């Protein structure tokens, strides 16, 4: 394998291929074109050129991958598209004009996935960007930190419920909290209050699911066997979220 540096690039051919492989893997995982993650996408020469240009050209600051007429399409500074349809797409944005390096990708590239649902996009952004960036530090005053966490978990519980309710599924929000030791956690009154608030939210969700099931069962008593099968299939999807 040719390990020489390409002219105008600080990367070897292997390094470029490794970074391109990382980008294609992220796009593959989003299933933008309905391609299962285990089934590889066939990349064209033009698409590989666009990917390589994003990696090697410091002035190429943005890359998007989306589905157009059932085909994967790439949009970048070097290969711009006049029209980008709304819907699912993966994005990669350089935080500064640099030639990418595999060891510093987390510091130089912000990437993510936007779905056709605004709520899905919001919850992904919250989980992947805002929550990790705002909950890791300890420079906030204790009172402000407690109030922020309380409001954050309340918002995320409602958002999680709304996103999954639209899909016909009840999902209980599980907050990310440090409860590795029940003894030490039991001494944190603010933590206990947040977990109790979460349990109250869960209780309301489960009560509503049970109430809906009782009402729907009464309504389906006059339906035929196929209607009842559809009913229980829908209930399985709904209740599996609680079970998980």
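Would you mind listing the strands (runs of 3 or more DSSP E) fully within region 16-102 where at least 1 residues are surrounded by fewer than 17 Cβ atoms within 10 Å (Cβ to Cβ), modelled with pLDDT of 80 or more and out of contact with any helix residue (DSSP H, G or I) (no Cβ under 7 Å at 6 or more places or on another chain)?
62-68, 89-94
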Could you list, in sequence order, the residues of region 148-175 that are surrounded by 13 or more Cβ atoms within 10 Å (Cβ to Cβ), over 14 Å from residue 120 (Cβ atoms) and in contact (Cβ under 8 Å) with a residue 40 or more places away in the chain? 149, 150, 153, 154, 157, 170, 172
Of all residues in region 216-230, which are part of a helix (DSSP H, G or I) and modelled with pLDDT under 75? 216, 217, 218, 219
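The values are calculated or read from the model by the stated rules, or taken from the named source; none is laboratory data. The model shown is predicted, which means the values in this text are computed figures rather than measured ones. Glycine gets a Cβ as well: all are built from the backbone with ideal geometry, and neighbour counts include every protein chain shown.
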